[in-house]
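The values are calculated or read from the model by the stated rules, or taken from the named source; none is laboratory data. Here the structure is a predicted model, which means the values were calculated and not measured. Note that we place each Cβ from the backbone using ideal geometry, even for glycine, and neighbour counts take in every protein chain shown. These area figures cover heavy atoms from the full protein model, side chains too; ligands, DNA and RNA do not enter into them. Shrake-Rupley method; radii C 1.70, N 1.55, O 1.52, S 1.80 Å.
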Amino acid sequence: MKLKLIHKHILLELIPVFLIGNVFFIMLLLLDKLMNLADLFFTKSVPGWLIIQTIIYYMPSFFVITIPTSALLAVIFVFGRMSSDSEIIAMRAAGAGKRFFLKPTMIFSGFVFIFGTMMSMWLMPAGSYHAAENILSMAKLVSIKDIKEKELYEELSGFVFYAEKKLSDTSYERLMIIDKKHNSVITAKSAKVVPTGDAGLLLDLRDGSIVTIRDNGKHSAIKFDNFSINAPIVGADRVIIKTERLMAVNELVDNFAKDPIFKFEFSKRLSMPFAAVIMSIFGMSIGMFFSRGGKSVAVPSTIIIVIIYNMMFLTAENIVKSGGLEPFSAAWIPNIIFGIISVFSYRRAL
């Protein structure tokens, strides 16, 4: 059965708003990372193509969040516009009932659900793995050429550098290094610090001393003429993905018996995309309810609803971690609550 012309018209309005919404929300998620990315490019000598590639790999994890959010925004915006322009009233006068408006919404949300499921179940863990590999590559390119004279440099995890004088990008005079891991302070009258190419730094120190604080509070001091340190930045040849958020589906299944959080994460990867269906019905009701200025409420309504939804998810996740809820069903609690609200608002709006 072919869609009615008005259904096609509604779908053609929903799609561009949905796409624009994804771009908008992804940019919001990227804002807090742009400064770090710019720092990697301008001061850490990390190639721009590697940064861009890493962002692309992380996109599926962003889409898992933005897809249901953008679906909600699109439905509120389109039905809000139709309501404010009196198109809804005209359609109802022509005999359009509840199912007439629900049909294009369900078709739209169904495709969005499939798209979101592909992202959460397969593309997100695969992209995150490759992004982690790129981070390892960035670590191999690390340098401290942006260290400045008479300023603490704390960009490298576990170390603090302080140079009295900088001769070049790799050569220093009167360099002090605080090794947090070994509770040591190393000083040298001259030093060269260069990347080793294997996620580490080679420290060639001359005419200095090492002061180490022991567990009993006492300290020992050793003087040296020449001393070299190979300081690893990453302690493994490969980045091993351990968190449940970055595991592939088969890895989650293999870890079901170890911790309930793996079951919760597996269920969550289905419940979050399905939220697009529930949010679309809810958004349609909201858009049709505000007959005046329907479009203007789209963005603030979307943000408020998404914040409440995510708070429910975090609460359910924390309760699962404490052993208070069954993990598979806990991931669906926000959907159940908003599903009930959506059914109620759908009946009231039409």
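Computed quantities for the displayed model
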{"read-out": "Cubic angstrom per residue, convex hull over Cα atoms of region 281-350", "value": "69"}
{"read-out": "Per-residue SASA entry for GLU164, accessible area with 1.4 Å probe, Å² rounded to 10", "value": "60"}
{"read-out": "Over the chain, relative contact order from alpha-carbon pairs under 8 Å, at least 6 apart, %", "value": "21"}
{"read-out": "Degrees between helix 260-289 axis and first principal axis of the chain (Cα, 0 to 90, nearest 10)", "value": "40"}
{"read-out": "Top of ASN255, ASN318, ASN183 by mean-square fluctuation, Gaussian network on the chain, Cα under 10 Å", "value": "ASN183"}
{"read-out": "ARG347, ARG269, ARG99, ARG92, ranked by accessible area, largest first (probe 1.4 Å)", "value": "ARG99, ARG347, ARG92, ARG269"}
{"read-out": "Over 21 Å (Cα to Cα) - which of LYS148/LYS218; LYS189/LYS218; LYS180/LYS223; LYS181/LYS218; LYS263/LYS321 fall in this group", "value": "LYS148/LYS218; LYS189/LYS218"}
{"read-out": "Sequence-separation-based contact order of region 36-125, relative, with Cα cut under 8 Å and 6+ spacing, percent", "value": "48"}
{"read-out": "At R0 = 41 Å, FRET efficiency that the Cβ-Cβ distance of LEU152 and ASP259 yields, to 0.05", "value": "0.55"}
{"read-out": "Value of relative contact order over region 250-325, rounded to a whole percent, pairs C-alpha under 8 Å and six or more apart", "value": "34"}
{"read-out": "Probe 1.4 Å - accessible area at VAL160, Å² to nearest ten", "value": "10"}
{"read-out": "Extension gain, ILE341 back to ILE20 (0.36 nm per residue minus Cα-Cα distance, nm)", "value": "112.9 nm"}
{"read-out": "Per-bin percent of Cα-Cα distances, the chain [10 Å]", "value": "5, 19, 21, 18, 15, 11, 6, 3, 1, 0"}
{"read-out": "Extension gain (nm, one decimal) between ARG99 and ILE56, 0.36 nm per residue minus Cα-Cα", "value": "11.5 nm"}
{"read-out": "Gaussian network model of the chain, springs between alpha carbon atoms under 10 Å - residue of ALA94, ALA248, ALA191 with greatest fluctuation", "value": "ALA94"}
{"read-out": "Alpha carbon Rg of region 9-130, scaled by the compact-globule rule 2.2 N^0.38 Å", "value": "1.39"}
{"read-out": "Helix 298-321 vs. the chain, principal-axis angle (Cα, 0 to 90°, nearest 10)", "value": "60"}
{"read-out": "Estimated 222 nm signal from helices in the chain, with DSSP H stretches of n ≥ 4 weighted -39500 (n - 2.57), rounded to 500", "value": "-20000 deg cm²/dmol"}
